[in-house]
Amino acid sequence: MGMTVNAQLPLPAELKAEYPLTEKLRQIKQKRDREIRDIFTGVSDRFIVLAGPCSADNEDAVCEYVTRLAKVSEEVADRVMVIPRIYTNKPRTTGEGYKGMLHQPEPDKAPDLYAGILAIRKMHIRAMEESALTGADEMLYPENRSYLDDILSYEAIGARSVENQQHRLTASGMDIPIGMKNPTSGDFSVMLNSVIAAQNSHRFIYRGQDVTTAGNDLAHVILRGGVNKYGTCIPNYHYEDLVRLLDMYQRMNLKNPGAIIDVNHSNSDKKFREQIRITSEVLHSRSYNPQLKKLIKGVMIESYLVEGCQSIDSERVYGKSITDPCLGWEDTKRLILEIAEKC
């Protein structure tokens with residue numbers, strides 16, 4: 001094989017033993033997991049806001065952002081469940097470029113996977129300690145999630161991974177909500193097939209073991225827009241799209257129907273300030289249609305301390321995205337407060 005082994009990495013159990021969660025943090029996670037489950041099962045009508053940078057590239061900046069988010073969360077806790085996006089894996093369309101902290105804990109340096117798995121676990125734990133919030137990450141590599149599976153309260157499967165069998169089967173063994181994004185084509189059927197797979201039991205090979213999963217009743221969809229054959233972004237957050245999704249859900253025997261609307265990516269055509277307007281439209285659609293209010297559980301927002309984005313090789317601004325452009329902090333805070341008023 002054309003493959004060189006660079007290093008033997010520690011097993012997830014070994015890393016967890018070296019960097020364990022304290023009893024206080026375990027209790028925080030258990031409480032938040034219960035509260036989030038209640039939202040997806042319809043027991044609670046709180047609205048979810050998943051907010052954070054496109055990619056978590058700097059521990060200090062991410063933890064400062066999450067601490068600020070926690071303060072806003074306290075103000076809106078009766079109406080809104082805030083879940084920080086702490087995304088440590090970055091999918092790349094061509095495989096080139098920065099792949100996230102898991103690969104490169106120092107964005108402008110060579111990949112170091114051992115340093116990366118240490119860095120992401122330490123950052124997630126620090127964020128929990130300083131904010132009392134548990135976060136979300138993307139399951140880009142199914143076997144790698146074991147390094148964080150005792151920490152995360154939400155995971156997403158991206159548009160390029162949602163058709164992958166290993167992602168679908170791994171999702172069926174998770175005990176937290178897993179959001180299946182529509183593929184880049186925008187196809188709803190592919191996305192819902194992934195939810196069906198994730199909600200059912202499967203037997204397969206996982207990390208060298210023969211495993212059987214219980215099925216994940218909290219698997220749901222994430223609408224992130226699509227791209228047509230001409231490369232034009234086609235949004236899918238409009239009222240008609242949501243009604244179509246509702247109709248498709250009603251014709252399927254799925255548990256806990258739910259959707260998160262990703263207000264960036266192909267829904268905004270990566271025009272990051274459009275996230276404010278799109279969120280307002282989603283909230284209006286929910287208020288107009290009681291069935292949509294039950295179906296649409298929340299929004300996903302890309303934001304950071306400083307708005308916009310910058311290149312890795314620049315004199316980087318602290319708290320500014322090095323991947324996709326994000327909303328700045330003041331706009332984010334204002335948007336969350338508006339969501340609490342309208343949801």
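Rule-based calculations on the coordinates, nothing more; no lab input. Keep in mind that this is a model prediction, so the values were computed, not measured. All Cβ positions, glycine included, derive from the backbone under ideal geometry; neighbour counts span all protein chains shown.
Per-peptide packing, taken as the mean over residues of other Cβ atoms within 10 Å, places 210-216, 336-342 in the sequence 336-342, 210-216 from highest down. Here segment 15-342 carries DSSP beta bridges of which approximately 20% are antiparallel, counting only pairs with both residues inside. In terms of other Cβ atoms within 10 Å, H238, H220 run from fewest to most in the order H238, H220. Report the Cα centroid-to-centroid distance between segment 8-53 and segment 269-305 in angstrom, as an integer. Distance between centres, Cα-based: 24 Å.
Between rounded, prolate and oblate, where does the chain land on the alpha carbon gyration tensor, with a ≥ b ≥ c its root eigenvalues, rounded for a/c under 1.5, else prolate if a/b exceeds b/c? It is rounded, given that a/c, with a ≥ b ≥ c, falls under 1.5. Placing unit charges on each Cβ (+1 for Lys and Arg, -1 for Asp and Glu) gives segment 222-343 a dipole about its Cα centre, and among I222, L254, T332 the Cα reaching farthest toward its positive end belongs to L254. State which entries of K71/K320; K24/K333; K270/K294; K29/K229 exceed 32 angstrom in Cα-Cα distance in the structure shown. Listed pairs above 32 Å: K29/K229.
Sorting the segments 310-320, 136-146 by their residues' average number of neighbouring beta-carbon atoms within 10 angstrom, most packed first, yields 136-146, 310-320. Per residue, the chain reaches -12000 deg cm²/dmol at 222 nm when only DSSP H runs of four or more residues are counted, each adding -39500 (n - 2.57).
Remark: segment 41-48, residue by residue, has Karplus-estimated 3J(HN,Hα) of 8, x, 5, 10, 9, 4, 9, 8 Hz, where x stands for each Gly or Pro and the curve is 6.51 cos²θ - 1.76 cosθ + 1.60 at θ = phi - 60°. A protection proxy built from the mean count of other Cβ atoms within 10 Å ranks the segments 124-133, 83-92, most packed first, as 83-92, 124-133. If you bin all the Cα-Cα distances of segment 65-202 at 5 Å, starting from zero, the percentages per bin are 2, 10, 18, 19, 19, 16, 12, 5, 0.
Taking 0.36 nm per residue of sequence separation and removing the Cα-Cα distance, the I312/R207 pair yields an extension gain of 34.4 nm.
Modelled spin labels at D45 and A110, positioned 7 Å past Cα toward Cβ, are 5.8 nm from each other.
Determine the shape class of segment 194-244: with a ≥ b ≥ c the square roots of the Cα gyration tensor eigenvalues, call it rounded for a/c under 1.5, and otherwise prolate if a/b is greater than b/c, oblate otherwise. Because a/c hits 1.5 or more and a/b fails to exceed b/c, segment 194-244 counts as oblate.
Of the two radii for segment 197-276, the radius of gyration is 1.11 times the Kirkwood radius, both from the alpha carbons; that is the Rg over Rh value. Between amide H atoms placed 1.01 Å from N, distances below 5 Å from I83 occur with V49, L50, A51, all of them 5 or more places distant or on a separate chain.
In order along segment 84-89, the Karplus-derived 3J(HN,Hα) couplings, from 6.51 cos²θ - 1.76 cosθ + 1.60 at θ = phi - 60°, round to x, 6, 10, 8, 9, 10 Hz, and Gly and Pro are given as x. Of V282, V5, the sequence from fewest to most neighbouring Cβ atoms within 10 angstrom is V5, V282. With the simple spin-label model, which puts each label point 7 Å out from Cα in the Cβ direction, the R277 to E35 separation comes to 3.3 nm. Shown in residue order for segment 63-74 are the 3J(HN,Hα) couplings computed by the Karplus curve 6.51 cos²θ - 1.76 cosθ + 1.60 at θ = phi - 60°: 5, 5, 4, 5, 5, 5, 4, 5, 5, 5, 4, 4 Hz (x for Gly and Pro).
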